[in-house]
Structure formats: structure tokens, C-alpha cells
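Below is one structure; the comments refer to it alone.
The values are calculated or read from the model by the stated rules, or taken from the named source; none is laboratory data. Small disclaimer: the values here were computed from a predicted structure and weren't measured. Don't worry about glycine lacking a Cβ; one is built from the backbone with ideal geometry, like all the others, and counts go over all protein chains shown. Surface accessibility is based on the protein's heavy atoms, side chains included, excluding ligands, DNA and RNA. Shrake-Rupley method; radii C 1.70, N 1.55, O 1.52, S 1.80 Å.
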Amino acid sequence: EKFALEEIAKALTGERGFLGYYICDECEELGPWSDDTTYGAGKRLWQHSEWLKDLTPGSIRYSATRRPYWMFRLREHGDVFAPDPYPWNHPAFGKGLGANNSSLRLDDEWTDLTVKAVKNSRPVLMIMQSFDGIDGNTLPTYDAMRMEAYKAIIGGAKGLMYWNMGIPEGSVEADRKSASEIVRVYNDFKRILKEIAALKAVLIQNDDSS
């Protein structure tokens, strides 16, 4: 395994645009995690993360999870973390894209939980939804996308990450959405980011309220 990672690191070193590694996605399902476990996928994953850190100094190790309170397990093995509560119409979070949708309410809550789980020692991003999720649900509206962005910032997010711009997860599902709908989502995305970028000076200034 280490040899394979060494070859990957060699191939990527010096590549323009290379920032680092996506260490795990929803990796709370791997387990077991205890240090005395020699066969646990979780422990192996963290070993891989440490190898990559040594092989490419200065690279960023990023991980996402659907259980923000598990981030304490990842804190020492990564550099940037993100909660991922989507899709909005996931059965666990309730259907629909309205302001009262339970998944939308997770933007600030999950961001805050992740910040606390890593003890405010690592940057926390929030993964934003710009696709229709499962079961052919409606693509997010401008108001819903804008709400989730600001709620994540309020919760402590240092950045926003958009996944799957307007295209459903399966390529076959893409046929359900017209080009105009996908273009609309992309234009909404640009509109929101321009609005947030205009507030950059305020958002990144030091908080002296304490």
C-alpha cells in the first residue's frame, strides 16, 4: 500500500493545480477505529494519510463526513474538514426544499458541531448542495442555496464547497433535467458567490467582540 501511495505522490508532485488529497468521504462507516485494532479500515486510512503527509510536505488532506461529531477521530490526521448533510431530500432529513426543511437547518448546526469537534484547530468548510439528490427531487432554488450558504457562514464555515453542479448523481438521472434548469442553478451559484465575495472584508476580519 505504501509503495502505491509513493507512486501517486511522485506523479502529483510538481503538478500545477495540485493542492492535496481527498482522504475520505463519509468515512465514519469504515471502523473499527481503536488504536489496538490492526485490521480496521479506519486505522489503515489514517496511516495512509500520515504517509501522504510525509511524501508530499505542504499538501492538504481533506475529509468529509455525514456525522460531524465523529470529526474528533479525524482531527490529527487531516488539515481541512467538512460536514456533508445532503441531499436535501434524504429520508433521514425530510423532503422538500423549503425554509423549514430539516436538512437546511443543519447548515449552521453541523458546521458548528464540526468546528467544536476539531476544537477550532482546523479550517472547516461546508458542502453545499447544487444537485437534485435522490428520487428525482426538484433542483434547489436560489433562495434555498443562498440560505444554506449564509447559515454555514454563521455556523463558522471558513469556506463553501459545491458538489455536482446541477447534475444528479447518476449519469442516467441527468436526462431528467433540462439544460435550462441546470444553467439556472449554475447562474444562481455564481450570483450567490459574487454576493458573498463582496462581503469578504467583513467576513474574514478578526472578531474582537470578546
(request) Kindly indicate whether N89 is modelled with pLDDT under 70 and open to solvent by less than 20 Å² (accessible area, probe 1.4 Å). (result) yes
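So that you can scan it fast, the table gives a plain yes or no per residue for (1) modelled with pLDDT under 75; (2) aliphatic (A, V, I, L, M); (3) open to solvent by less than 70 Å² (accessible area, probe 1.4 Å):
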residue: L160; (1), (2), (3): no, yes, yes
residue: A174; (1), (2), (3): yes, yes, yes
residue: S180; (1), (2), (3): no, no, no
residue: E195; (1), (2), (3): no, no, yes
(request) Identify, by number, the condition in (1) at pLDDT 80 or above; (2) of a type in the set (S, T, N, Q); (3) open to solvent by 70 Å² or more (accessible area, probe 1.4 Å); (4) part of a helix (DSSP H, G or I) that N120 doesn't meet. (result) (4)
(request) Looking at (1) at pLDDT below 80; (2) open to solvent by 50 Å² or more (accessible area, probe 1.4 Å), find the lone condition where R146 falls short. (result) (1)
(request) Determine which single condition E26 fails, assuming it passes every other condition in (1) modelled with pLDDT under 75; (2) surrounded by fewer than 17 Cβ atoms within 10 Å (Cβ to Cβ); (3) closer than 21 Å to Y162 by Cα. (result) (1)
